[in-house]
1. I'm told Ile251 meets every condition in (1) touching a Phe, Trp or Tyr at 6+ places or on another chain (Cβ under 9 Å); (2) within 24 Å of Tyr74 (Cβ to Cβ) except one. Can you identify the failing condition by its number?
2. Just give me the residues in region 234-277 being exposed (fewer than 14 other Cβ atoms within 10 Å of the Cβ) and outside any helix (DSSP H, G or I), in sequence order.
3. Would you confirm, using the coordinates I've provided, whether Pro174 is part of a loop (DSSP other than H, G, I, E, B) and either under 17 Å from Leu61 (Cβ atoms) or touching a residue at least 12 places away in the same chain (Cβ under 8 Å) (or both)?
4. Hey, Ile117 hits all of (1) farther than 27 Å from Ala257 by Cα; (2) surrounded by fewer than 22 Cβ atoms within 10 Å (Cβ to Cβ); (3) in contact with a Leu (Cβ under 8 Å, 6 or more places away or on another chain); (4) not small (Gly, Ala, Ser) but one; which does it fall short on?
5. So, in region 127-151, of the ones that are under 23 Å from the mean Cα position of the chain (by Cα) and part of a helix (DSSP H, G or I), which residue ends up nearest to Gly96 (Cα to Cα)?
6. Scanning region 117-145 for residues that are free of Cβ contacts under 8 Å to residues at least 24 places away in the same chain and among the charged types (D, E, K, R), which turns out nearest to Arg177 (Cα to Cα)?
7. So Ser161 fits all but one of (1) part of a loop (DSSP other than H, G, I, E, B); (2) under 17 Å from Val19 (Cβ atoms); what number is the exception?
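Derivation of every value follows stated rules applied to the coordinates shown; laboratory data play no part. The shown structure was predicted, so the numbers you read here are calculated from the model rather than taken from an experiment. Here Cβ is always computed from backbone atoms with ideal geometry, including for glycine, and neighbour counts include all displayed protein chains.
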Amino acid sequence: MTHDLLFILPYFFIVGILVGLLSMLFGIGGGLVMVPAISVFLQYSGFSHSIAMKTAVATSLITIMASTLSVLHYQHRSGYVPWCLVRKFLPCVVAGSVIGSMIASQVSGNLLTYLFIIFLFYVIVRCWFGKNFKTAYQIEDFIEPGLISKNIVGFIVGVLSVLIGVGGNVLFMPYLRYYKFPMKNATAFTVALAPCLALIGSVGYCIEGINLSKKIMPAYSIGYINLPAFVFIMLGSFLGARIGRKLLKHINDQLQAKIYLIFLMVVFFCMVSTLVR
């Protein structure tokens, strides 16, 4: 990285605060924030689009693994985590993440960017026009999806989570809302799955990038994982999570869903801006 550390580290710390806040409120895990934030930063620092995107995804995944654990502890203690449902989805999600990790090395950074944008656009459209997403629900309203549906969606989430570094939230959230799952419980569900997904994906990206020349990689990187970004985003996320805990007590289900949708739109336009730069 060519920028002064006095600018770089506060930048990633602020990104981390946003990551922790949104992880607590929406179970995003931070990928939707970190991937655009790291990718845009590295491209403006002079790194190629492909290197920037893969570094962003890899760093996002390992940070998700660390930062969501504290959020998961709070969600579990608050009784929001539907562990029974987590256990039913976990095998197919893990299988998908392993496959995604295996094919990640064959996918270019540019293709990852397009996948991220197309995927995000699809989710926004589904959430915007889906009546169920913006409706307020209680846990008693939930209608559990069938076995085939759970297996297919879980596998797809596993593959895409590793490829685009988003922790699975952006597909699981509209899916669960379609079946009338409350936002707080859907958020906790995605947080419970995030560490496992992130671990598998980050190991794959670390191995893939370990043999690349250090001249084309950001400084202080292990494979595609950038250590300064990882450490300071993680530190900031702890502060953001504390803020999120306080806000969570004062946001109702319907408002939480609407804020989530607005956030997705902001991220979408940030990612599109990297293509027209």
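1. Here Ile251 clears every test but (1).
2. Lys249, His250, Asn252, Val276, Arg277
3. Details: part of a loop (DSSP other than H, G, I, E, B): no; either under 17 Å from Leu61 (Cβ atoms) or touching a residue at least 12 places away in the same chain (Cβ under 8 Å) (or both): yes.
It is false that Pro174 is part of a loop (DSSP other than H, G, I, E, B) and either under 17 Å from Leu61 (Cβ atoms) or touching a residue at least 12 places away in the same chain (Cβ under 8 Å) (or both).
4. (1) is the only condition that Ile117 fails.
5. Looking at the filtered set, the residue picked out is Asn151.
6. Step one: of region 117-145, the residues free of Cβ contacts under 8 Å to residues at least 24 places away in the same chain are 118, 122, 125, 129, 131, 140.
If we keep only those that are among the charged types (D, E, K, R) too, we end up with 131, 140.
Working: Lys131: 9, Glu140: 13 Å.
Taking the candidates together, the pick is Lys131.
7. Of the numbered conditions (1) part of a loop (DSSP other than H, G, I, E, B); (2) under 17 Å from Val19 (Cβ atoms), the odd one out for Ser161 is (1).
Table: residues versus (1) among the aromatic types (Phe, Trp, Tyr); (2) part of a loop (DSSP other than H, G, I, E, B); (3) surrounded by fewer than 17 Cβ atoms within 10 Å (Cβ to Cβ).
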site: Ala198; (1), (2), (3): no, no, no
site: Gly201; (1), (2), (3): no, no, no
site: Ile207; (1), (2), (3): no, no, yes
site: Phe232; (1), (2), (3): yes, no, no
